[in-house]
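The values are calculated or read from the model by the stated rules, or taken from the named source; none is laboratory data. This is a predicted model, so every value here is computed, not measured. Cβ atoms come from the backbone with ideal geometry, glycine included; neighbour counts cover every protein chain shown.
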Amino acid sequence: MSAKTKEQLNELYRNIREISILRSCESLLDWDERTYMPRNASEHRGNQMALLAGIAHERFVSPRIGELIGNLTNDGVKLADDTPDAANVREIKRVYEKAIKVPKSLVEELSRTIVLSQGAWQEARAKSDFNSFQTWMEKVVSLKRQVAEAVGYRKTPYDALLDDFEPGVTTEIITGVFAGLRNELVELIARIKDSGKAPDRGIIARNFAIERQEQFGKEAASAIGFDFASGRLDVTVHPFCTGIGPTDVRITTRYDENHFPQAFFGILHEAGHGIYEQGLPKEHYGIPCGDSVSLGIHESQSRMWENLVGRSRPFWQYFFPRAQAIFPEPLKGVSLEQFYFAVNDVRPSFIRVEADEATYNLHILLRFEIESAFFNGDLQIGDVPGIWRERFQKYFGITPKNDAAGCLQDVHWSAGLIGYFPTYTLGNLYAAQFFAKAKSDLGNIEQSFAAGDFKGLLGWLRENIHKHGQRYRAEELVKRVTSQPLSHKPLMEYLNGKFGELYGI
Ligand code: ZN
């Protein structure tokens, strides 16, 4: 690499790093808004956030950044190379080109529309009346289509929207993988229903004191590898994890005194996101090789710790005696097996965020089918409630009684987050595929889990996934790590094995 190329790379990195630091200030303000901020502070907070966002955006779309990217790609850095510098320039270029292609007027109209459409969605959901939301949804979809047209896409405008959350993944890839998954899931869920077996769910709905839930949740999060010296846990309404900086990762949860799984598995989930953030290479902070790959890969880390580890029998072989010591009253006379079954209850339900591990993905497949159909002309917005009920019955064997329990339950569409839903299921697919490989590489990790030792898996994730940052796109990372392309098979093998045994099917 010539001295000039080196110099230009350094200038580009310095600029991008400063923008990342500005954005991390926004993240900290956002965390505060969702945890401790006094209610009356929201207007001032809005001004603070808008100013910071504006400064960061202006600095990013500056002609100098474009010039540096142009010089570097013409001379010195080959984007196809397998080096951190090539990956950094490739990713900065991708985001930069998107940012300059969308006209400012469209960005502004979209953000104005989204504020109003979320208000309309809240009202429509409260009244369970899709009709009053329909025109807003049409507006949002039409603006998102304009964004897709501005940035360009491979086959369908929906590809451009997916790219915001899962770079490189296309409608075609997702359609193929999801189709296999759908058939096998519908069949598994029907077999579970026909088994006639069900756990005693009352066990986990007894009274679990909140301060003890917090103590136990923190103990488990630490045990799996979340570093509380570089992070913290607080209370919020809609739990999230945010990486403020390389040694400052905030996770949040909400407690329900009469429902143990909500906070406990929520904490494991957010700790999984946090462990990923804490494991990104600090020397690359602020540039793509120090950043997470995609929402799907992020979700694979949270789901792995929450479900494949946290809802496993070996995990509870270690933690159940601890749970009984911390919650002697509600868990008196409860056996490990009863508890393990209760936290793995599978039953079709209407609300995605309350769904179990097996039915969850069907909720996502339904949303993907509907939202991708907006963009290939197969579906009018007015037909959403009808198609929702019809497919819900087909996949789950039950029909929601109204739109609030159906197509109006999620905030995503009103917030313009179209192309986001598939990343939840991609996360589950990646998690199962990575976990199967980790098990074959590490030998008997279950025995370690039963002894409360999670270092083997943590080290494997650090080495195979976390340390790369965005060096590889999700699709390539999966292939490199597991030697296989993305497939629904590892997830189905895991679900069939686990629930086959639990339900005796
Ligand atoms: Zn998550």
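Data overview
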| read-out | value |
| --- | --- |
| Test result for Phe240, closer than 21 Å to Glu357 by Cα and away from the ligand (no atom under 12 Å from the Cβ) | no |
| Hits in segment 300-314 - residues which are away from the ligand (no atom under 14 Å from the Cβ) and within 19 Å of Glu277 (Cα to Cα) | Val309 |
| Answer from Ile224, Ile173 - the residue that is within 16 Å of the ligand (Cβ to nearest atom) and within 30 Å of Gly500 (Cα to Cα) | Ile224 |
| Candidates Tyr420, Tyr430 - the one that is within 16 Å of the ligand (Cβ to nearest atom), part of a helix (DSSP H, G or I) and within 15 Å of the chain's Cα centre (by Cα) | Tyr430 |
| Cβ-Cβ under 7 Å pairs, at least 6 apart or on other chains, segment 411-430 side not assigned by TED's automatic domain parsing to the domain that holds Ser117, far side basic (Lys, Arg) and away from the ligand (no atom under 15 Å from the Cβ) | Gly416/Lys144; Ile418/Lys144; Phe421/Arg367 |
| Set Arg254, Arg250: member being surrounded by fewer than 16 Cβ atoms within 10 Å (Cβ to Cβ), within 16 Å of the ligand (Cβ to nearest atom) and either closer than 21 Å to Phe327 by Cα or not aliphatic (A, V, I, L, M) (or both) | Arg254 |
| First in segment 240-265 and within 14 Å of Thr35 (Cα to Cα), second anywhere and among the aromatic types (Phe, Trp, Tyr), Cβ under 6 Å, 6 or more apart | Thr242/Trp31; Arg250/Trp31; Thr252/Phe240 |
| Residues satisfying the stated conditions in segment 103-130, i.e. without any contact (Cβ under 8 Å) to a residue 12 or more places away in the chain and either surrounded by 17 or more Cβ atoms within 10 Å (Cβ to Cβ) or not in a helix (DSSP H, G or I) (or both) | none |
| The one condition in (1) surrounded by fewer than 17 Cβ atoms within 10 Å (Cβ to Cβ); (2) in a loop (DSSP other than H, G, I, E, B) that Glu283 fails to fulfil | (2) |
| Filtered residues of segment 286-341 (kept if assigned to a helix (DSSP H, G or I), under 21 Å from the mean Cα position of the chain (by Cα) and farther than 30 Å from Phe60 by Cβ) | Arg303, Met304, Trp305, Glu306, Asn307, Leu308, Val309 |
| Every pair of residues 6+ apart whose Cβ atoms lie under 8 Å, when the first sits in segment 321-334 and is in contact (Cβ under 8 Å) with a residue 60 or more places away in the chain while the second is surrounded by fewer than 18 Cβ atoms within 10 Å (Cβ to Cβ) and among the polar types (S, T, N, Q) | Ile326/Gln215; Glu329/Asn207; Pro330/Asn207; Leu331/Gln324; Val334/Gln324 |
